[in-house]
Each structure stands twice: as structure tokens, then as C-alpha cells.
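A short write-up of the structure that comes next.
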């Protein structure tokens, strides 16, 4: 897929971006380069390749999931303007 100069100008118009003819030409070349790279990447056979969570084979050091702070919910809700059933009540802003 490649873009024409008219398509780039239309995209700029829709994005409310004013670009000159030389900027549109440069932008077209950059976008077409990106599309070429995408086409090359899509042409690669990835059947049987397991997706990676990270580019490097790293593992995170995990710690035990333990509570480190005391439950202060009652203290926080005591100073709140309005609460109900453990929830904070706020004014309605959208009707």
C-alpha cells in the first residue's frame, strides 16, 4: 500500500494540520516507507512462533504478596464529606 500526494493532503485536512506541498511530499515518502516496512514484516512466516512478553529473555524478581500497610479505610472515610456503604459519594457532574 502506498499513499498518493492527494491522500496525504486529505489526511492532513482531516487532522486539521496545515502542510505545504513540500511537507506533504516528505510526509508521503515517510509514510510509504513505514507501509513498506509493515509489508515486509507481514511477509515473514510466523507460524509456530510463540509470542514474547519482552524482547529479552528476562524474568522478574517477584516478592511475596503481603500486606505492608494497616487498613486505614475508616479513618479516610471519617473525614470524607459523604460516604455510603463504604463508598465515597460525589456530586453528579453529567446529566
#### Entry: Cβ pairs under 6 Å, 6+ apart, first in the range 5-17 and touching a residue at least 24 places away in the same chain (Cβ under 8 Å), second loosely packed, with under 11 Cβ neighbours inside 10 Å
none
#### Entry: Check on residue 2, modelled with pLDDT under 95 and in a loop (DSSP other than H, G, I, E, B)
yes
### Message
Need pairs with beta-carbon distance below 6 Å; first residue farther than 30 Å from residue 7 by Cβ and within the range 32-60, second modelled with pLDDT of 85 or more; sequence gap 6+ or separate chains.
### Response
none
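For every residue, the table says whether it meets (1) in a loop (DSSP other than H, G, I, E, B); (2) loosely packed, with under 11 Cβ neighbours inside 10 Å; (3) at pLDDT 90 or above.
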site: 10; (1), (2), (3): no, no, yes
site: 24; (1), (2), (3): no, no, yes
site: 28; (1), (2), (3): no, no, yes
site: 36; (1), (2), (3): no, no, yes
site: 48; (1), (2), (3): yes, yes, yes
site: 51; (1), (2), (3): yes, yes, no
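The values are calculated or read from the model by the stated rules, or taken from the named source; none is laboratory data. Because the structure is predicted, anything quoted here is derived from the model rather than measured. Cβ sites come from the backbone with ideal geometry, for glycine too, and all protein chains shown count toward neighbours.
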